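Down below is the structure, laid out as structure tokens.
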Amino acid sequence: MNTPMISPNIVVCESGPDAARHVADLLASEIRTKPDMVIGLATGGTPVDVYRELIRQHREADLDCSRVTSFNLDEYVGLPSGHPQSYRYFMQQHLFDDANFSPAKTHVPDGMAADLDQYAKQYEQLITQSGGIDLQLLGIGNNGHIAFNEPGSLMESRTRVVELAEETIDANARFFESTDQVPRRAITMGIGTILEARKIVLMATGESKAGAIAEAFAGVCHPSNPASALQRHANVVVVLDPPAASRLGS
């Protein structure tokens, strides 16, 4: 059965910092409207300024995150939570430690789980038991990946262990001392899992993301660009700076 494609709401801000503030305002508004919301969170360079702005609003504008439940998209396999390049460590450093998130309500996949496949199923179940994700924050890789769903991932995929593409390993090597130290596997929410969020906000900045953005939202929905699956979702906001939007056309 063919799923009708839906045009997302594309917002082009004046700059990268403006895009981050716009996304943070969207998230903060959702939290204020539904203080016990379930939010999906991303890591990487893109959301750092978003999280910095959320911390500012917590400190200066009484943004209360204490009742929010969060689920992160992914984690490297083989990195303990205290490793400086683990995504749990990232979230603690960039958001959780400086805003009043309840530790018991923050969930990041466990890349050290003894049975990763069983753990992935349990992570899915925990999302369901929490009522599903109200708003999912996404970035996008240069090859169109969302979370660690690399090109070729099934549109119906669920949380699982994946092999990382060489392009992704090379892109993430800047966070490690050498490419050899970058884990080759990760545990990630699937595309199908992501599409079940009630609202999705994707943020991208910089010219390096322009091609992936154009393929995702000005092209056809195809597994070669996992982000293009978002064309199947009825409530997607794409927030860009001018370089990231430069290949979308008029």
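The values are calculated or read from the model by the stated rules, or taken from the named source; none is laboratory data. Predicted model, so just to flag it, every value in this text is computed and none were measured. Every residue, glycine among them, receives a Cβ derived from its backbone with ideal geometry; neighbour counts consider all protein chains shown.
Counting just the residues of segment 142-160 that are over 15 Å from the mean Cα position of the chain (by Cα) and among the hydroxyl-bearing types (S, T, Y), which one comes out nearest to Q122 (Cα to Cα)?
Ranking the qualifying residues of segment 142-160, first place goes to S157.
How many residues are in contact with a Cys (Cβ under 8 Å, 6 or more places away or on another chain), surrounded by 17 or more Cβ atoms within 10 Å (Cβ to Cβ) and under 13 Å from I146 (Cβ atoms) if we restrict to segment 194-250?
Of the residues in segment 194-250, 3 are in contact with a Cys (Cβ under 8 Å, 6 or more places away or on another chain), surrounded by 17 or more Cβ atoms within 10 Å (Cβ to Cβ) and under 13 Å from I146 (Cβ atoms).
Would you mind stating whether N142 is of a type outside the set (V, I, T) and either at pLDDT below 95 or surrounded by fewer than 20 Cβ atoms within 10 Å (Cβ to Cβ) (or both)?
On the way: of a type outside the set (V, I, T): yes; either at pLDDT below 95 or surrounded by fewer than 20 Cβ atoms within 10 Å (Cβ to Cβ) (or both): yes.
Answer is yes for this residue.
Show me the strands (runs of 3 or more DSSP E) found entirely inside segment 123-233 where at least 2 residues are closer than 24 Å to E30 by Cα. Quick ask: steps written out before the conclusion?
Values: elements: 135-138, 160-163, 185-188, 199-204.
Output list reads 135-138, 199-204.
Residues of segment 97-122 being part of a helix (DSSP H, G or I) and in contact with an Asp or Glu (Cβ under 7 Å, 6 or more places away or on another chain), which ones? Talk me through it step by step, then tell me what you get.
Filtering segment 97-122 for residues part of a helix (DSSP H, G or I) gives 103-105, 116-122.
Once the filter is applied, which keeps residues that are part of a helix (DSSP H, G or I) and in contact with an Asp or Glu (Cβ under 7 Å, 6 or more places away or on another chain), segment 97-122 yields only Y119.
Out of the residues in segment 100-125 meeting the condition of being touching a Phe, Trp or Tyr at 6+ places or on another chain (Cβ under 8 Å) and of a type in the set (G, A, S), tell me which one is surrounded by the most Cβ atoms within 10 Å (Cβ to Cβ).
Across segment 100-125, the extreme among qualifying residues is G111.
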